Amino acid sequence: MPDATSPIAARWIQRWLIVIGLMVYAMILIGGATRLTDSGLSITEWAPIKGALPPLSEQAWLSEFEKYKETAEFQQQNYNMTMSEFQFIYWWEWGHRLFGRLIGLVAIGGFVWFAAMRWLSKKWTARLGVLIALGGLQGFIGWWMVASGIGDTDRLDVAPYRLMTHFGLALLIIAITAWFWFDLSERERTPVRGSIRWLAMGVLGLTSFQMMSGALVAGLDAGRSYTDWPLMAGELVPTHYIDAELGVRSLFEGRAATQFNHRAGAYLLWALALFAAFQARGTTLFKPFGLIALLVTAQAVWGIITLVNAAPLPIALVHQGLGVIVLLASIWLVWATRPQALPNSQTAPA
């Protein structure tokens, strides 16, 4: 067990990492549901301690509702909202924040326990410390994101690039969690030639791009703007790809551009995954590359289903959840193909 104080320590840290990973995965889905139900701006204050309790009286609910009524989202979009409708979106956002607090407690509690048991080497103390710090940073990023929709009188939702940052950090946290789990496992890495290694990294890179571009699409509700396929409003490239008012910002804030880029990225990722599997034929890595190709194909098909149905909540959440699985599989592939030095200082082909 490299860098682990004992096999028992390694096993318990792995179990803790699995719990953290599953909780972050659930958090990503809860966050997706919060966005798709337009619930993210229902709580207009950030109170890490006091905010753990929901409104417990009618007066408290009225107070929260009055705060929400000051937002542009209510004044321009939800001005007819009833108290029961407000409570529905409030519970989504409150649950999202509460689950984030629970992840923090599990993370910090486990770290303290491992330290008390002296199960952490200096390397793993630093590694897990960074992981927990990223979780804390995610809380700040989450409020930074929400604040963009509360403080801007012209914005009805959170800023899409802030949503992308928030989502991207969540993906980074679950990716690091998975990588650490692999490092503590007894699995062996396969020495590979450079081309195979680069293909694995390419699949991971394009998958990451797709996830981030998908966050922009979700932030702009662009998935509900062009619901025909394979064309967009009957065009191969939408006429308003570059919006006259947005200019280059269309790449981040334009519905046509962000959806087109997400589609184009999907085609590139699908082609690369199939090509990588073809290149890996006859090697010990054909099965894992083939699995990636199957997952990407399934994700592409489900993405089309999500699109033509205008991204309803259940279908859209499956699309997001499957995307995270593709990302984790890509991380595993890169980890497994990490070149290792051989006795003769050569790298063996797969």
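We did not get these values from a lab; they are worked out from the coordinates using the rules stated. All values derive from a computational prediction rather than experimental measurement. Here Cβ is always computed from backbone atoms with ideal geometry, including for glycine, and neighbour counts include all displayed protein chains.
The calculated 222 nm mean residue ellipticity attributable to helices in the chain amounts to -23500 deg cm²/dmol, summing -39500 (n - 2.57) over DSSP H runs of n ≥ 4 and dividing by all residues. Legend: calculated FRET efficiency, K287 to E45, from the Cβ-Cβ distance at R0 = 41 Å, rounded to 0.05, equals 0.20. For the range 229-297, GluC sites (Glu not before Pro) are listed when DSSP marks them as loop and at most 10 other Cβ atoms sit within 10 Å of their Cβ; the list is E245. When the chain is treated as a GNM with alpha-carbon contacts under 10 Å, the residue of R118, R97, R127 showing the greatest mean-square fluctuation is R118. The Cα center of the range 1-69 and the Cα center of the range 103-139 differ in position by 17 Å. Between the residues W92, S121, A60, the greatest Cα displacement towards the positive end of the dipole of the range 1-145, with unit charges on the Cβ of Lys, Arg, Asp and Glu, is found for S121.
So if R0 is 25 Å, what FRET efficiency would W144 and R101 give, r being the distance between their Cβ atoms, rounded to the nearest 0.05? Here the calculated transfer efficiency is 0.90.
By the rule of a C-alpha distance below 30 Å, with chain neighbours fewer than 8 residues away ignored, the lysines paired with K69 are K50.
Springs join every pair of Cα atoms under 10 Å in this Gaussian network model of the chain, and among L327, L236, L171 the largest mean-square fluctuation is at L236. Pull out a ≥ b ≥ c, the square roots of the eigenvalues of the alpha-carbon gyration tensor of the range 249-306, then state rounded if a/c is under 1.5, prolate if not and a/b is larger than b/c, and oblate in the remaining case. Since a/c reaches 1.5 and a/b is larger than b/c, the shape of the range 249-306 is classed as prolate. Based on C-alpha pairs under 8 angstrom that are at least 6 apart in sequence, the chain has a relative contact order of 22 percent. Compute the Cα gyration tensor for the range 151-299, then decide on rounded, prolate or oblate, letting a ≥ b ≥ c be the square roots of its eigenvalues: rounded whenever a/c is under 1.5, prolate when a/b is larger than b/c in the other cases, and oblate in all that remain. Since a/c reaches 1.5 but b/c is at least a/b, the shape of the range 151-299 is classed as oblate.
Classify the range 1-138 as rounded, prolate or oblate, taking a ≥ b ≥ c as the square roots of the eigenvalues of its Cα gyration tensor: rounded when a/c is under 1.5, otherwise prolate if a/b is larger than b/c and oblate if not. Taking the square roots of the gyration eigenvalues as a ≥ b ≥ c, the range 1-138 is prolate.
What FRET efficiency, computed as 1/(1 + (r/R0)^6) with R0 = 51 Å and r the Cβ-Cβ distance, is obtained for N309 and I8, rounded to the nearest 0.05? With a Förster radius of 51 Å, E is 0.55.
Residue order for W46, W113, fewest other beta carbons within 10 angstrom first, comes to W113, W46. Fewest Cβ neighbours within 10 Å first, please rank L313, L17 accordingly. Taking fewest neighbouring Cβ atoms as first place, the list is L313, L17.
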